[in-house]
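Single-structure report; data block below.
The values are calculated or read from the model by the stated rules, or taken from the named source; none is laboratory data. Keep in mind the model is a prediction, meaning the values are calculated, not measured. Virtual Cβ from ideal backbone geometry, glycine too; neighbours counted across all protein chains shown. In case anyone asks, the SASA skips ligands and DNA or RNA and just uses the protein heavy atoms, side chains included. Shrake-Rupley method; radii C 1.70, N 1.55, O 1.52, S 1.80 Å.
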Amino acid sequence: MVKTTTLIKKLTIEKCKLTDSKCLLKIYNQSVSKGYSGTNKKIKLKTHQKWLEKKILSRNDIIFVGKLNNKIIGYIRFENIYFKRCTISIALKNKFINKGYGSKLLNKSISNLNKFKNIKIITSKVKKKNINSINFFLKNNFIEILNIKLKNSIYRYFKLNIK
């Protein structure tokens, strides 16, 4: 446990660059393979690079990458930033899941995000079968949004109020 704690302290974050494209795509396609993504099709590099370029240039989206010893271990996307609200998506390389890196990445990213945007509410949509992500958001003070209309959805919805 001491080893992991020491490593977590060395986790850094920075805004995503187009040169991060291959690594982010690999992490994303891992989640597609597990069935945790909104789609079941892996994305090709060229398609991903076009999408990422638009996201990087967008004023309503911010992507941060988490790095450990200068190597990307995951990313966090804040999308649809409007009226002090946004949605979040987070993904880590498999070997870094359930080791505290996601929480550290989340906290550092929210702090950094608020340097650019004044966000008060962050929402997330998670597939019901993605138990790791559900537990992650609950552990990190997100509350589940319960709505009768959402009852039959394949997703669960979460919200974090930022003070």
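When the stretch 93-118 is filtered for residues that are surrounded by 13 or more Cβ atoms within 10 Å (Cβ to Cβ), of a type in the set (A, V, I, L, M, F, W, C) and out of contact with any strand residue (DSSP E or B) (no Cβ under 6 Å at 6 or more places or on another chain), the ones remaining, listed by number, are Ile97, Leu106, Ile110.
Scanning the stretch 50-64 for residues that are open to solvent by less than 10 Å² (accessible area, probe 1.4 Å), in contact with a Lys or Arg (Cβ under 8 Å, 6 or more places away or on another chain), outside any helix (DSSP H, G or I) and more than 20 Å from Leu160 (Cβ to Cβ) turns up nothing.
For residues that are open to solvent by 100 Å² or more (accessible area, probe 1.4 Å) and basic (Lys, Arg), scanning just the stretch 16-29, find the one that is farthest from Leu52 (Cα to Cα). Spell out the reasoning first.
Restricting attention to the stretch 16-29, the residues satisfying the condition of being open to solvent by 100 Å² or more (accessible area, probe 1.4 Å) are 19, 22, 26.
Going one step further and asking which of them are basic (Lys, Arg), we end up with 22, 26.
Working: Lys22: 10, Lys26: 13 Å.
Checking each candidate, the answer is Lys26.
Look at the stretch 67-84: where a residue is farther than 21 Å from Ile122 by Cβ and a partner is polar (S, T, N, Q) and assigned to a strand (DSSP E or B), sitting 6+ places away or on another chain with Cβ atoms under 6 Å, you get Lys67/Thr12. Just to be sure before I move on: is Ser153 small (Gly, Ala, Ser) and either on the phi > 0 side of the Ramachandran plot or under 16 Å from the mean Cα position of the chain (by Cα) (or both) in the structure I sent? No: the conditions fail for Ser153.
Would you mind finding the one in Lys108, Lys95, Lys99, Lys104 that is assigned to a helix (DSSP H, G or I), more than 25 Å from Trp51 (Cβ to Cβ) and in contact (Cβ under 8 Å) with a residue 60 or more places away in the chain? Step through it out loud before you land on a result.
Numbers: Lys108 fails: more than 25 Å from Trp51 (Cβ to Cβ); Lys95 fails: in contact (Cβ under 8 Å) with a residue 60 or more places away in the chain; Lys99 fails: assigned to a helix (DSSP H, G or I).
Answer to the check: Lys104.
Within the stretch 111-123, count every residue that is assigned to a loop (DSSP other than H, G, I, E, B) and either charged (D, E, K, R) or under 16 Å from the mean Cα position of the chain (by Cα) (or both). Explain how you work it out, then say what you get.
We begin by selecting, within the stretch 111-123, every residue assigned to a loop (DSSP other than H, G, I, E, B); these are 117-120.
With either charged (D, E, K, R) or under 16 Å from the mean Cα position of the chain (by Cα) (or both) added as a condition, the list becomes 117, 119-120.
Count: 3.
Restricting the stretch 126-141 to residues that are open to solvent by 30 Å² or more (accessible area, probe 1.4 Å) and assigned to a loop (DSSP other than H, G, I, E, B), the residue that is modelled with the highest pLDDT is Asn141.
Of everything in the stretch 151-161, what is hydrophobic (A, V, I, L, M, F, W, C) and surrounded by 14 or more Cβ atoms within 10 Å (Cβ to Cβ)? Give them in sequence order. Before you say what the answer is, go through the steps one by one.
Step one: list which residues in the stretch 151-161 are hydrophobic (A, V, I, L, M, F, W, C), which gives 154, 158, 160.
Of everything in the stretch 151-161, those that are hydrophobic (A, V, I, L, M, F, W, C) and surrounded by 14 or more Cβ atoms within 10 Å (Cβ to Cβ) turn out to be Phe158, Leu160.
Residues of the stretch 76-87 that are in a strand (DSSP E or B) and open to solvent by 10 Å² or more (accessible area, probe 1.4 Å): Arg77, Glu79, Asn80, Ile81, Tyr82, Arg85, Thr87.
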